[in-house]
Amino acid sequence: MPGVLPVKRGRKVMSKRCFSKITYKQYRKDTAFVEDNNILKEYTEICLPKRATGCSAGYDFFAPKNFTLNPGQEIKIPTGIRAFMNEDEWLGIFIRSGHGFKYNVRLNNSVAVIDADYVRAKNEGHIWIAIYNGGKRIFEIKKGEAFAQGVFQKYLLVDDDMPVNNERYGGLGSTSNEKVER
């Protein structure tokens, strides 16, 4: 029976589904290309994803800074967030439906699939969200506004599924990397 990946908070280890921030060191490394002296302030103000209502399936992801997308442009947003979940679950990241409907904005990869073991990747499981503006209007998001949503989902295996002994080596796209044992 699948178990929950352990969550480390300081010295305390918990077992549950949750979101947490990556470390500042990792966030700084991942945002090294940004010419901004306020990275520490930006990091400390990152909001953990949360549901908007009691019946919301998705957890809203909030923008760590202002961004503007002109028609035809794309942006990759470092959220500073990682997700812990049961081994038989995945986190689907979707654009907020209102943004897609009103602006024709979508994720570059349609749906981002975050596997349960991604949290153990070398990048601490840092979730990046890539958005493309396929519409005809400028799309603006202010710091702290919800721009995407994550939905935890169970998955099933085929009856004759073969055991897999691979372990995640890297981060994004690493499960097809040659360094993964097969």
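Where a number appears in this text, it was derived from the coordinates with a stated rule and is not lab data. None of these values were measured; they are calculated from a predicted model. No Cβ is skipped: glycine too gets one built from the backbone with ideal geometry, and neighbour counts run over all protein chains shown.
A compact table of results
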quantity	calculated
For region 53-97, convex hull of alpha carbons as volume per residue, Å³	133
Inter-probe distance in nm under a simple model that places probes 7 Å from Cα toward Cβ, at T68 and A32	3.0
Listed pairs K25/K76; K21/K102; K21/K50; K50/K154; K50/K122; K102/K154 exceeding 21 Å between Cα atoms	K21/K102; K50/K122; K102/K154
Calculated on alpha-carbon atoms, Rg and Dmax of region 28-177 in Å	16.4, 53
Ordering of 100-107, 116-123 by burial proxy (mean other Cβ atoms within 10 Å per residue, highest first)	116-123, 100-107
Amide hydrogen neighbours beyond the local backbone of I81, cut-off 5 Å, H modeled	I22, I127
